[in-house]
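In what follows, a structure is listed as structure tokens, so that the remarks can point back to it.
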Amino acid sequence: MILINKIKSLSAQFTSSYFGVVLGMIGTGMAWRYAAQEHGYPFYIGEGFIGIGCAIWLALVLFFLVKFIGNKQSIIDELKHPVAGGFFSLLPATTVLVAIGLNPYFSIMPLILFSVGAIAQLFYACWLVGYQWKGEYPKAATTPVLYLPTVANNFICAMACGVFGLNDLGILFFGAGVFSWLSLEPAILKRVTKRF
């Protein structure tokens, strides 16, 4: 009972921006993995980073589920927040990165994780862009976090498509990321520079 209450209190403090830790851990691990292949560095360091990143991802997903079950409204409030809502896209992005990290060790599970992450990021990006196009998005909240759902996630999915041999789909994700970047850049720069 004490453990359950402790988990509930920890999950109440959870925000989706914590998934950025997983992004850094797995990104570092993958960089080390490729350095080990190309330059003969010890491979276990990169695999350790990836393993720790996957474990952190799993713990954060469990915290997210506990928070969703116990306090749905706080997740909805964070999701609708103009700035904090952009960090929700880290959940599908890190899911795709976990799929890339696990690919050398498993065959089916990484493809399932990739599919879930890619579909979730597409739905979330569509919802967020639709929310912005309705005119309900405050101009003061225009920050670089807007790049996460439509630009960064598409680039991560393009990377995963390359790992899984889905080259045509990878080109589609890469193109979506580039065009999102090109369309967002002027709007964000205009709004950010007008503040000063």
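The values are calculated or read from the model by the stated rules, or taken from the named source; none is laboratory data. In this text, all values refer to a predicted model and were calculated from it rather than measured experimentally. Quick reminder, even Gly has a Cβ in these numbers, built from the backbone with ideal geometry, and neighbours come from all protein chains shown.
Quick check: anything in the range 47-68 farther than 30 Å from T142 by Cα, part of a helix (DSSP H, G or I) and either at pLDDT below 90 or touching a Pro at 6+ places or on another chain (Cβ under 7 Å) (or both)? Looking through the range 47-68, at least one residue is farther than 30 Å from T142 by Cα, part of a helix (DSSP H, G or I) and either at pLDDT below 90 or touching a Pro at 6+ places or on another chain (Cβ under 7 Å) (or both). Taking (1) outside any helix (DSSP H, G or I); (2) in contact with a Phe, Trp or Tyr (Cβ under 9 Å, 6 or more places away or on another chain) in turn, Y105 satisfies each apart from (2).
V145 meets all of the listed conditions (1) at pLDDT 85 or above; (2) closer than 22 Å to I26 by Cα but one, namely (1).
Scanning the range 153-165 for residues that are touching a helix residue (DSSP H, G or I) at 6+ places or on another chain (Cβ under 8 Å), without any contact (Cβ under 8 Å) to a residue 60 or more places away in the chain and either small (G, A, S) or within 15 Å of L90 (Cα to Cα) (or both) gives N154, F155, A158, G162. The single condition among (1) within 18 Å of the chain's Cα centre (by Cα); (2) within 24 Å of A99 (Cα to Cα); (3) in contact (Cβ under 8 Å) with a residue 12 or more places away in the chain that W181 does not meet is (2).
When residues in the range 15-29 are screened for being touching a residue at least 40 places away in the same chain (Cβ under 8 Å), more than 17 Å from K67 (Cβ to Cβ) and crowded, with 20+ Cβ neighbours inside 10 Å, 2 of them pass. Limited to the range 153-171, what total is found for residues that are hydrophobic (A, V, I, L, M, F, W, C) and either assigned to a loop (DSSP other than H, G, I, E, B) or within 15 Å of G85 (Cα to Cα) (or both)? Selection size over the range 153-171: 1.
Among the numbered conditions (1) closer than 24 Å to I26 by Cα; (2) surrounded by fewer than 20 Cβ atoms within 10 Å (Cβ to Cβ); (3) not acidic (D, E), the only one that Q121 does not meet is (2).
Yes/no matrix, rows are residues, columns are (1) outside any helix (DSSP H, G or I); (2) crowded, with 18+ Cβ neighbours inside 10 Å; (3) in contact (Cβ under 8 Å) with a residue 40 or more places away in the chain; (4) small (G, A, S):
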| position | (1), (2), (3), (4) |
| --- | --- |
| L113 | no, yes, no, no |
| W127 | no, no, no, no |
| L148 | no, yes, yes, no |
| V151 | no, yes, no, no |
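Restricted to the range 153-173, and to residues there that are crowded, with 21+ Cβ neighbours inside 10 Å and of a type in the set (G, A, S), the residue that is farthest from G117 (Cα to Cα) is A158.
Taken together, the residues in the range 66-91 that are surrounded by fewer than 17 Cβ atoms within 10 Å (Cβ to Cβ), farther than 13 Å from S17 by Cβ and among the β-branched types (V, I, T) amount to 2. For the range 104-116, the count of residues that are touching a Gly at 6+ places or on another chain (Cβ under 6 Å) and within 23 Å of A55 (Cα to Cα) is zero.
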